[in-house]
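*Asks:* The structure is given below, and queries will be raised subsequently.
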Amino acid sequence: MLKIPKSEQEGVKTPDFELLVTDVRVAVLEVKRLVRTPRTPENGWQVKVNANGIREATRTDNAPQRVSKLIHEAWKQLHTVPDPKILVFVNDESQMDSLDLQEAFNGFLHYGNDSLGYYKNTVSAKVANGAIREEKWQIDLYIWIDRCRRLNPEFRVSTETGLELARRFFGCPDIGESPNHWVEKDAEKRAFHPKR
């Protein structure tokens, strides 16, 4: 993998890296970091100290919006080249996980279990159908690296090319079904595949 030099043309953005096999570029890769947000009122948190002296911080969940914004920013860099596209999220925010990518991508998440039933939360439908509505499908492979939990990387593919890249270069397990199947049937349950 090689770092791609920044474009000298004003307003032209380029991907961060190119993935090479015997000096032939097989994909471009953009890395976006999800930084831990300090729990302060300046960052939208409501902070109070309870009767026991314990500091509590709460706010409305904005994780899918943060992910969507990074997909949109990455697309501006990735679309400048015709090669397959990979977006890597490096997560340092303990209040976020790969489900936030799933929710930003699909526009919903299911909560619940078989005994109590399920609830489909569609609050992120505007996120998924907004600026990234078409862009998200043009990125072949998403990789989620969760540094704050030390979990194995997780993968989401949007194309057959993305699936091939995930298997060939990143050790994604054999998942047996095409990306189109995930989109058409139960996408929210099959989207991520942890590396074993």
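*Asks:* Here are some residues: ARG149, ARG168. Which one is at pLDDT below 85 and either basic (Lys, Arg) or within 19 Å of ILE132 (Cβ to Cβ) (or both)?
*Replies:* Answer to the check: ARG149.
*Asks:* Could you say whether any residue in the range 33-47 is modelled with pLDDT under 90, outside any strand (DSSP E or B), on the phi > 0 side of the Ramachandran plot and surrounded by 10 or more Cβ atoms within 10 Å (Cβ to Cβ)?
*Replies:* yes
*Asks:* While we're on this one: Among the candidates ASP146, ASP140, which residue alone is in contact with a strand residue (DSSP E or B) (Cβ under 9 Å, 6 or more places away or on another chain) and closer than 18 Å to VAL28 by Cβ?
*Replies:* ASP140
*Asks:* Only one of SER158, SER115, SER124 is farther than 20 Å from GLU30 by Cα, in contact with a Pro (Cβ under 9 Å, 6 or more places away or on another chain) and at pLDDT 85 or above. Can you tell me which?
*Replies:* SER124
*Asks:* Further question: Determine, yes or no, whether PHE105 is of a type in the set (Phe, Trp, Tyr) and modelled with pLDDT under 95.
*Replies:* yes
*Asks:* Does GLU73 meet the test of being within 20 Å of ILE4 (Cβ to Cβ) and either in contact with a strand residue (DSSP E or B) (Cβ under 8 Å, 6 or more places away or on another chain) or not small (Gly, Ala, Ser) (or both)?
*Replies:* yes
*Asks:* Being out of contact with any strand residue (DSSP E or B) (no Cβ under 6 Å at 6 or more places or on another chain) and not in a loop (DSSP other than H, G, I, E, B) is the filter; apply it to the range 21-32 and report the residue that is farthest from SER94 (Cα to Cα).
*Replies:* That would be VAL24.
*Asks:* A further question on this structure: Could you list, in sequence order, the residues of the range 76-102 that are within 18 Å of ARG133 (Cβ to Cβ) and either modelled with pLDDT of 95 or more or of a type in the set (A, V, I, L, M) (or both)?
*Replies:* LEU78, LYS85, LEU87, LEU101
*Asks:* I'm checking my understanding of the structure. Among residues of the range 121-159 that are among the polar types (S, T, N, Q) and surrounded by 17 or more Cβ atoms within 10 Å (Cβ to Cβ), which one is nearest to the chain's Cα centre (by Cα)?
*Replies:* Across the range 121-159, the extreme among qualifying residues is SER158.
*Asks:* Select from the range 59-84 the residues that are surrounded by 11 or more Cβ atoms within 10 Å (Cβ to Cβ), closer than 23 Å to THR122 by Cβ and β-branched (Val, Ile, Thr) and list them in ascending order.
*Replies:* Within the range 59-84, VAL67, ILE71 qualify.
The values are calculated or read from the model by the stated rules, or taken from the named source; none is laboratory data. Model, not experiment: these values are computed from the prediction. We place every Cβ from the backbone using ideal geometry, glycine too, and count neighbours over all the protein chains shown.
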